[in-house]
Amino acid sequence: MVAQLQQGESMRIQASVLAGVGATFDVREVDLAGPLEGEILVRIAATGLCASDVNAIDGKRTLVPFPAVVGHEAAGVVEAVGPGVVDIVVGDHVVLSIVPYCGACDFCERGIPNFCATAGSAMAAGALFDGTRRLSSRGAALHHFLTVSSFAEYAVVPASGAVKIDPTMPLDRAALLSCAVLTGYGAVRRTAGVEPGARVAVFGCGGIGLNSIQGARIAGATTIVAVDVSEEKLELARLMGATHVINSRTASAPDVIRELTGGADYVFESSGVPEVVTDAWRSVGPRGELILVGLFRQGTVLPIDAGPFVNEQTIRGCYFGSSDIREDIPELVRLYLAGELLLDELISHRIGLSDLDEAVGRLRRGEGARSVVVFEEALA
């Protein structure tokens, strides 16, 4: 089948198709055309269910036209490469990313490829870089999701959105590096630049928040306060490195954080809930910084008390942890293999494509950590 794809033909694969906002997943056979210029074909080994997937399902943010094959947090093995691909070969183990880059637009030339205009246009159109699609079903085109579309056995993606990794890295763990880990860890390391001895607070202990916590631990923060409404997640936060935990249902997080730290140097808000931002902002100390990592519903207006600005406090946005995938993903792999980065503990459910609707329900209810779709054949 791979040889046919290299000749511009198609293969039949199993994929989970989403018809529109509020729909349930439909697992069925779809057609996948082979990689064109600058693209690769990847056999998906594992793909995590991320809040961004659910945001698209629920219509919280307009991320892609429908119908589409969703999924973006993934790792796998390269099966074929298109013309012009020189740094990736068949057999490479790769982590896929939602921040591919063209290398030629204004943002790429300015050294901020995370904001690549070509990639942004492709994502908005539910296409790949050339504006076309490789996915179809029953004679009609299907849209790509963030140039990845990993809720499927195979995916064709831009080569610049794939990062080669050490083949000894377990691929179900590697999938997490694609989004949640990279965003949470990157928010600490790159966006904020947390230094040893810093006092840190993290609001929201989902996939991103938990990785901000362990990012703070690895950075050498001495006080790391985790805030959530779930005792299950707060226990996991302790495992990731939190020195203190606060259940905000039973205690005032800003008051406790101020008592512990006098005001945190860095506060990370990962829930994307406006009311939580208010508490997070109240927890920042003089010259401290609030980093907004969570995604808000489109059109959200935040009510911010301007008083603390006189204390030289700042608020900063964060996209994808300000990460450089070419440097950060291999570094995260190294940290995991060295035992410093915890990933095994983040996977609460290993599932199949047919289990996605149930997993979405768990994520909406805040239950468990990460659900990961695992293709056993790809892991073998």
Among strands (runs of 3 or more DSSP E) completely within the range 126-168, the ones holding 1 or more residues that are in contact with a helix residue (DSSP H, G or I) (Cβ under 6 Å, 6 or more places away or on another chain) and among the β-branched types (Val, Ile, Thr) are 162-164
Restricting the range 141-166 to residues that are under 17 Å from Ser52 (Cα atoms) and among the hydroxyl-bearing types (Ser, Thr, Tyr), the one surrounded by the fewest Cβ atoms within 10 Å (Cβ to Cβ) turns out to be Thr147
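Let's see how each residue does on (1) at pLDDT 95 or above; (2) within 14 Å of Glu39 (Cβ to Cβ); (3) out of contact with any Gly (no Cβ under 8 Å at 6 or more places or on another chain); (4) not assigned by TED's automatic domain parsing to the domain that holds Ser160:
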| site | (1), (2), (3), (4) |
| --- | --- |
| Asp87 | no, yes, yes, no |
| Val90 | yes, yes, yes, no |
| Val94 | yes, yes, no, no |
| Gly103 | no, no, yes, no |
| Asn114 | no, no, yes, no |
| Ala117 | yes, no, yes, no |
Contact list, first residue from the range 343-354 and small (Gly, Ala, Ser), second anywhere and modelled with pLDDT under 95 and surrounded by 14 or more Cβ atoms within 10 Å (Cβ to Cβ), beta-carbon distance below 6 Å, six or more apart or interchain, is Ser348/Gly368; Ser348/Ala369
Only one of Tyr336, Tyr266 is within 29 Å of Arg173 (Cβ to Cβ), in contact with a strand residue (DSSP E or B) (Cβ under 7 Å, 6 or more places away or on another chain) and either among the basic types (Lys, Arg) or not assigned by TED's automatic domain parsing to the domain that holds Phe151 (or both), namely Tyr266
Of all helices (runs of 4 or more DSSP H) fully inside the range 302-379, the set with 2 or more residues that are closer than 24 Å to Val273 by Cβ is 356-365
Residue hits (the range 282-333; farther than 18 Å from Leu63 by Cβ, among the β-branched types (Val, Ile, Thr) and at pLDDT 95 or above) are Val284, Ile291, Thr314, Ile315, Ile329, Val333
Picking from Asp265, Asp305, the residue that is among the charged types (D, E, K, R) and within 25 Å of Leu342 (Cα to Cα) would be Asp265
### Message
Just checking, does the range 242-250 include any residue being under 24 Å from Glu312 (Cα atoms), touching a residue at least 12 places away in the same chain (Cβ under 8 Å) and assigned by TED's automatic domain parsing to the domain that holds Val194?
### Response
no
Go through the residues of the range 311-329 one by one and say whether even a single one is buried (at least 19 other Cβ atoms within 10 Å of the Cβ) and hydroxyl-bearing (Ser, Thr, Tyr).
yes
Exactly one of Gly91, Gly84, Gly76 is in contact with a His (Cβ under 8 Å, 6 or more places away or on another chain) and either assigned to a loop (DSSP other than H, G, I, E, B) or surrounded by 24 or more Cβ atoms within 10 Å (Cβ to Cβ) (or both), and that one is Gly76
query = Can Asp228 be described as charged (D, E, K, R), assigned by TED's automatic domain parsing to the domain that holds Val267, in contact with a helix residue (DSSP H, G or I) (Cβ under 9 Å, 6 or more places away or on another chain) and surrounded by fewer than 24 Cβ atoms within 10 Å (Cβ to Cβ)?
reply = no
Of the residues in the range 208-220, those that are surrounded by fewer than 24 Cβ atoms within 10 Å (Cβ to Cβ) and touching a strand residue (DSSP E or B) at 6+ places or on another chain (Cβ under 7 Å) come to Arg217
Considering the range 124-134, residues that are out of contact with any Pro (no Cβ under 7 Å at 6 or more places or on another chain) and more than 16 Å from Gly20 (Cα to Cα), and then whichever is surrounded by the fewest Cβ atoms within 10 Å (Cβ to Cβ), we arrive at Gly131
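For the range 236-257, which positions are assigned to a helix (DSSP H, G or I) and either β-branched (Val, Ile, Thr) or buried (at least 17 other Cβ atoms within 10 Å of the Cβ) (or both)?
Leu236, Ala237, Met240, Ala253, Pro254, Val256, Ile257
The values are calculated or read from the model by the stated rules, or taken from the named source; none is laboratory data. Treat the numbers as computed from the prediction; the structure is a model and nothing was measured. Because the Cβ atoms are built from the backbone with ideal geometry, glycine has one as well, and the counts that use them run over all protein chains shown.
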